[in-house]
Structures are given as C-alpha cells and as structure tokens.
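Student: Quick one: structure below, then a few questions.
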Amino acid sequence: MATLKMATICGHTNTVTAEAKGMETHVVIETTCPKIKKWGTDFSIPMEDIMDIQNKTLDEKRKACTLTPTCFVPTLVMNTVWMENGMISKSLVKKMGHMDIEYIE
C-alpha cells in the first residue's frame with residue numbers, strides 16, 4: 001500500500017492511497033474538495049492504464065467532472081499508483097520526506 005498527501009494552492013487537502021490488487025490498483029482519496037468528491041474518491045485503475053500515457057480511466061473521470069487544469073490531484077493519484085507498483089521508489093520518497101512547490105513571483 002502507498003499513500004501520499006498534498007495540501008494544494010486552492011486550500012484543500014488530499015490524501016491518496018493506492019493498493020495493487022492483481023491487474024488493477026485500487027485508489028481511495030480522502031479530500032476536503034467538493035470537486036474531487038464529485039470526480040471520484042474510490043475507484044480502480046487497470047494495469048494497462050498505469051503503463052499508458054493515455055490513461056483511459058482518468059480521461060473518463062475528467063470528462064464526467066471537469067477539474068481545473070491546475071489541479072494536482074490526478075497527478076497525485078498517478079504518483080501514488082506508480083509508487084505502489086514500483087515505478088517510483090518508496091525508499092526515495094521516504095528519504096525526501098516533505099516535498100513542496102514554491103511559488104516565486
């Protein structure tokens with residue numbers, strides 16, 4: 001199981017947990033954002049979508065509920081899924097600890 005948490009520029013907090021189950025990875029999102037709650041907080045991504053830049057699962061979710069282009073949650077989902085499936089090193093993520101984006105004028 002892999003979990004990542006992010007506080008975003010819009011003021012919401014999102015925690016994504018991913019668990020590989022056979023040929024799918026189950027995703028659960030805890031969020032304070034009403035748009036993400038509508039977008040979906042409990043779904044699975046099949047292995048072919050994990051490996052493909054054209055992720056059909058997230059594309060369908062984007063069509064059903066439009067998020068702003070600046071929303072980091074879909075990226076947070078994929079980073080958590082990739083971490084769970086060994087495509088991002090869990091030990092490297094743990095070593096980095098807190099990561100942030102600094103906005104500079």
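Student: Taking the residues in segment 7-19 that are surrounded by fewer than 19 Cβ atoms within 10 Å (Cβ to Cβ) and either assigned to a strand (DSSP E or B) or of a type in the set (D, E, K, R) (or both) as candidates, determine which candidate is modelled with the lowest pLDDT.
Tutor: 7
Student: Among the residues of segment 39-54, are any in contact with a His (Cβ under 7 Å, 6 or more places away or on another chain) and small (Gly, Ala, Ser)?
Tutor: yes
Student: Assigned to a strand (DSSP E or B), in contact with a Ser or Thr (Cβ under 6 Å, 6 or more places away or on another chain), closer than 10 Å to residue 80 by Cβ and among the hydroxyl-bearing types (Ser, Thr, Tyr): which single residue out of 25, 3 fits that description?
Tutor: Of the residues listed, the single one that is assigned to a strand (DSSP E or B), in contact with a Ser or Thr (Cβ under 6 Å, 6 or more places away or on another chain), closer than 10 Å to residue 80 by Cβ and among the hydroxyl-bearing types (Ser, Thr, Tyr) is 3.
Student: While we're looking at this one, here's another question. Among the polar types (S, T, N, Q) and either in contact (Cβ under 8 Å) with a residue 60 or more places away in the chain or in contact with a strand residue (DSSP E or B) (Cβ under 8 Å, 6 or more places away or on another chain) (or both): which single residue out of 57, 75, 66 fits that description?
Tutor: After applying the criteria, what remains is 57.
Student: In segment 20-43, which residue that is small (Gly, Ala, Ser) and either within 11 Å of residue 77 (Cα to Cα) or surrounded by 16 or more Cβ atoms within 10 Å (Cβ to Cβ) (or both) is modelled with the highest pLDDT?
Tutor: By that ranking, first place goes to 20.
Student: Return the residues of segment 83-95 that are in a helix (DSSP H, G or I) and farther than 22 Å from residue 12 by Cβ; say none if nothing qualifies.
Tutor: 84, 90, 91, 92, 94, 95
Student: Are any residues in segment 44-71 within 16 Å of residue 12 (Cβ to Cβ) and buried (at least 18 other Cβ atoms within 10 Å of the Cβ), and if so, which ones?
Tutor: Of everything in segment 44-71, just one residue is within 16 Å of residue 12 (Cβ to Cβ) and buried (at least 18 other Cβ atoms within 10 Å of the Cβ), namely 71.
Student: Mind checking which residues of segment 83-96 are surrounded by 10 or more Cβ atoms within 10 Å (Cβ to Cβ), over 20 Å from residue 31 (Cβ atoms) and not aliphatic (A, V, I, L, M)?
Tutor: Within segment 83-96, 85, 86, 89, 90 qualify.
Student: Additional query: Under 7 Å between Cβ atoms, at least 6 apart or on separate chains: pull out the pairs that start in segment 9-36 with a residue that is under 28 Å from residue 47 (Cβ atoms) and end on any residue that is of a type in the set (Phe, Trp, Tyr) and not in a helix (DSSP H, G or I).
Tutor: 27/43
Student: Regarding segment 62-74, can at least one residue be identified that is in a helix (DSSP H, G or I) and either within 18 Å of residue 5 (Cβ to Cβ) or at pLDDT 90 or above (or both)?
Tutor: Checking segment 62-74: at least one residue is in a helix (DSSP H, G or I) and either within 18 Å of residue 5 (Cβ to Cβ) or at pLDDT 90 or above (or both).
The values are calculated or read from the model by the stated rules, or taken from the named source; none is laboratory data. No experiment lies behind these values; they were computed from the predicted model shown. Glycine gets a Cβ as well: all are built from the backbone with ideal geometry, and neighbour counts include every protein chain shown.
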